[in-house]
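Student: So that we are looking at the same thing, I have put the structure below in structure tokens.
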Amino acid sequence: MNNQQAACVISDAYGRILLLHKTAVHAGSDIWDDSDMSGWDLPGGSVEPDETAEAAAVRRTYESTAILVRLIKSLGSDEVEADDGVHVYHWFQGVITGGEPDSGGADEYDDFDYFELEDLTSLALSESAQLLLPKLLDGEVALDPVNDV
């Protein structure tokens, strides 16, 4: 089975990345290594069979954070072989066009915060975030500057 995920990388004017904290009860999905683990995730989620990765990134970001985003560029894709099939991750840089981040709209998340890129290495991250982080740190993937906080 091919599991498609799309995530939105949102940074503030200071270059910090928005992450959502997934509660332990919801962390047992196929994008987490340990079902008892809670951890930090990029806004996003599953791509429905009839939608594009871009549409899923926008939709799932809104569903999980109550913010509207506009995608400004693709940050690439990667795939991982897993016991249940191939996991394909698509990443996009987005900018907030409306609303304020709020984790109260989705029961799978209990918190959100902005983090310095270097601080992400010390966090428990989803598989998607774990795959993207080295690309960001090594400069293989670069985020465009954001002008407003």
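The numbers here are math on the coordinates, done by the rules we state, and not lab data. Here the structure is a predicted model, which means the values were calculated and not measured. Cβ placement follows ideal geometry from the backbone for every residue including glycine, while neighbour counts extend to all protein chains displayed.
Student: Around residue 124, which amide H atoms from residues at least 5 apart in sequence, or from another chain, sit under 5 Å from its own amide H, with H modelled in the peptide plane?
Tutor: 40
Student: Pairwise over distinct Cα atoms, reciprocal of the mean inverse distance: report the Kirkwood radius of the chain in Å, one decimal place. Could you put the intermediate results ahead of the total?
Tutor: Details: mean 1/r = 0.0657 Å⁻¹.
When all Cα pairs of the chain are included, the Kirkwood radius is 15.2 Å.
Student: Neighbour counts of other C-beta atoms within 10 Å: give me 22, 135 arranged from fewest to most.
Tutor: Ordered from fewest to most neighbouring Cβ atoms within 10 Å, 22, 135 come out as 135, 22.
Student: Taking the chain as a Gaussian network, where each spring joins two C-alpha atoms under 10 Å apart, which residue of 122, 38, 64 fluctuates the most?
Tutor: Looking only at 122, 38, 64, the largest GNM fluctuation is found for 122.
Student: Given an 8 Å cut-off on Cα distances and at least 6 residues of separation, report the relative contact order of region 2-137 as a percent.
Tutor: Value for region 2-137: 33 percent.
Student: Then there is this: Could you list 72, 67 so that the one with the fewest beta carbons within 10 Å of its beta carbon is first and the one with the most is last?
Tutor: Going from least to most buried by this count: 72, 67.
Student: Taking every DSSP beta bridge with both residues inside the chain, roughly what % is antiparallel (nearest 5)?
Tutor: The antiparallel fraction comes to roughly 70 percent.
Student: Using a 7 Å offset from the Cα along the Cα-to-Cβ direction at both residue 114 and residue 137, what is the distance between the two label points in nm, to one decimal?
Tutor: For the pair residue 114/residue 137, the computed spacing is 2.2 nm.
Student: Figure the gain on full extension for residue 84 and residue 46 (residue separation times 0.36 nm, minus the Cα-Cα span) and round it to one decimal in nm. List each step's numbers first, then the result.
Tutor: On the way: separation 38, 0.36 × 38 = 13.68 nm, distance 1.50 nm.
The span from residue 84 to residue 46 would gain 12.2 nm if fully extended.
Student: Can you run phi through the Karplus equation (6.51, -1.76, 1.60; θ = phi - 60°) for region 111-121 and list ³J(HN,Hα) in whole Hz, with x for Gly and Pro?
Tutor: 6, 8, 6, 9, 10, 5, 4, 5, 6, 5, 5
Student: Name the long-range amide H neighbours of residue 82: under 5 Å, sequence gap of 5 or more, or other chain; modelled H, no Pro or chain starts.
Tutor: 87
Student: Could you work out which residue, out of 95, 86, 47, moves most in a Gaussian network model of the chain, that is, has the largest mean-square fluctuation with Cα springs under 10 Å?
Tutor: Residue with maximal mean-square fluctuation among 95, 86, 47: 86.
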